[in-house]
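Contents: one structure, followed by commentary.
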Amino acid sequence: MKKIIYILLVFCFTVNGFAQQTPASVQKEAITIEGAVAHLGNGKVIENSLLMFENGKITFVGDAKMKIARKGKIINAKGKHIYPGFIAACTVLGLVEVDAVRASDDQDEIGRMIPHIRSLIAYNAESKVIESMRPNGVLIAQIAPKGGVISGTSSIVQLDAWNWEDAAIKTDDGIHLHWPRSFARGNYWLGERGMKPNKNYKSNVEKIVDFIANSKTYGKNTNKQLHQEFAAMQRLFNGEQKMYVYADGEKEIIDAITTLKNNDIKNIVLVGGYNAYKITDFLKENNIPVLVRAMHNLPSSNDDDYDLPYKMAKLLTDAGLLVGIQNSGEANFQNRNLPFYAGQAVAYGMEKENALQLITNNTAKILGISDSYGTLAVGKSATLLISEGDALDMRTNKLINAFIDGRDVSLETHQTELYKRYMQKYSSK
């Protein structure tokens, strides 16, 4: 009996020690933030700002010198900076906890064409990885499935919730398609080195075209039995959903966009687009936004500029494209570095406020949530953060407050708890 009690106590202690922070309660009183430098997310800055929000919505944004009654709790943020909450696109946050532990990895399903798979259903709002996003200002994320050719549907969530129902901002916003490569690396174990033409490229593309064509035919048939895969594709044809296409090569990008448009899929977002800077006229002509890969990477080819990944966002922005940053292909926890990716773009020539838009307003527009998120404006969600310094600089990104829909969310994580614990250890000596 004593052994059972001991085991139960250990279990309770363990669960408590690793529990997620309790989500913040609904905003109960108005909040006024005064004196901070407000980066609105649309390229504009208010040096001495006054921002008020109530019931989760921003009610005033302007200069602190204006004679207007302050409401509710007043936060003196003089010398601090305010930003819209940062938005992470094409992530597997909440789907993967530990990469090496298969039981905690739920980012893909069996099958090649699985548009009916909904990532939101598998989303774990209590993930410890999600908890670690908020201290750097990442407050919203698009949860996207991986695996297969057509991976399934993504949804957009806020990162402080009890469960996926509470977290959802926009459900089933798009379907994710991984376009085949026209060149592939040889089998090194057979002595094949370098890249060589993919002999199966044409047939792989034909399979995608056939699946889309069958989906269109299914939608036009009024007397049909339920086919989950085809049924899940229907909102692409009327423009309600977006198709997120993962492609890097020039040929692949052109083939993908041309093929999809020829098959009545008009609302397309390019993800990755490593060589997109070479075909910007084509992308502009087809009105294709781009979610570039995170900047902290090496060039893919020996012939590329050493700093190509760092300046990619600037090259595409200067060409007139709508550009955001995504972290697909990187370790899951690296999404917390999202503001520093934008900071890297600043270091390589981009204006700071334009770089901020890569992770706020631009990404909100691409994901279709800009009516409520992405900028600090009256009527929009009070999803924002207050930093002691420049939030795009890892040296000064030190949040003192973060709000999601007006709720004052916790910035405590397992890492901050360890930091405080060991600071006590060494300060006592």
*asked:* I'd like to check one number: the per residue accessible area of the range 187-284, probe 1.4 Å, reported in Å² as a whole number.
replied: 58
*With label points built 7 Å along Cα→Cβ from the Cα atoms of Ser25 and Gln234, find their separation and express it in nm.*
4.4
*Computed magnitude of the charge dipole of the chain (debye, nearest 20; Cβ of K, R +1, Cβ of D, E -1)*: 560
*For every other residue with a beta carbon closer than 11 angstrom to the beta carbon of Val323, add +1 if it is Lys or Arg and -1 if Asp or Glu, then tell me the sum.*
+1
*How large is the convex hull of the Cα atoms of the chain per residue, expressed in Å³ as a whole number?*
220
*With contacts defined as alpha carbon pairs under 8 Å and 6 or more residues apart, what's the relative contact order of the range 140-219 in percent?*
20
*In square angstrom, what is the accessible area per residue of the range 337-429 with a 1.4 angstrom probe?*
44
*Once both labels are modelled 7 Å past Cα along the beta-carbon direction, what's the Asp210-Glu47 spacing in nm?*
6.5
*Counting Lys +1, Arg +1, Asp -1, Glu -1, what net charge surrounds Ala345 among other residues with beta carbon under 10 Å of its beta carbon?*
+2
*Would you mind calculating the gained length between Ile121 and Lys425 on full extension (0.36 nm times residue separation, minus the Cα-Cα distance), in nm to one decimal?*
105.2 nm
*Provide the FRET efficiency to the nearest 0.05 for the Leu418-Lys78 pair, computing r from the beta carbons and using R0 = 35 Å.*
0.65
*Within the accessible area of the chain, what % is carbon and sulfur when the probe is 1.4 Å and the other protein chains stay in place?*
52
*asked:* Cross-link candidates for Lys67: which lysines have Cα within less than 19 Å, leaving aside residues fewer than 8 places away along the same chain?
replied: Lys78
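The values are calculated or read from the model by the stated rules, or taken from the named source; none is laboratory data. Computed from a predicted model, the values in this text were never measured in an experiment. Note that each Cβ is placed from the backbone with ideal geometry, even for glycine, and that neighbours are counted across all protein chains shown. Heavy atoms of the whole protein, side chains included, go into the accessibility calculation; ligands, DNA and RNA do not. Shrake-Rupley method; radii C 1.70, N 1.55, O 1.52, S 1.80 Å.
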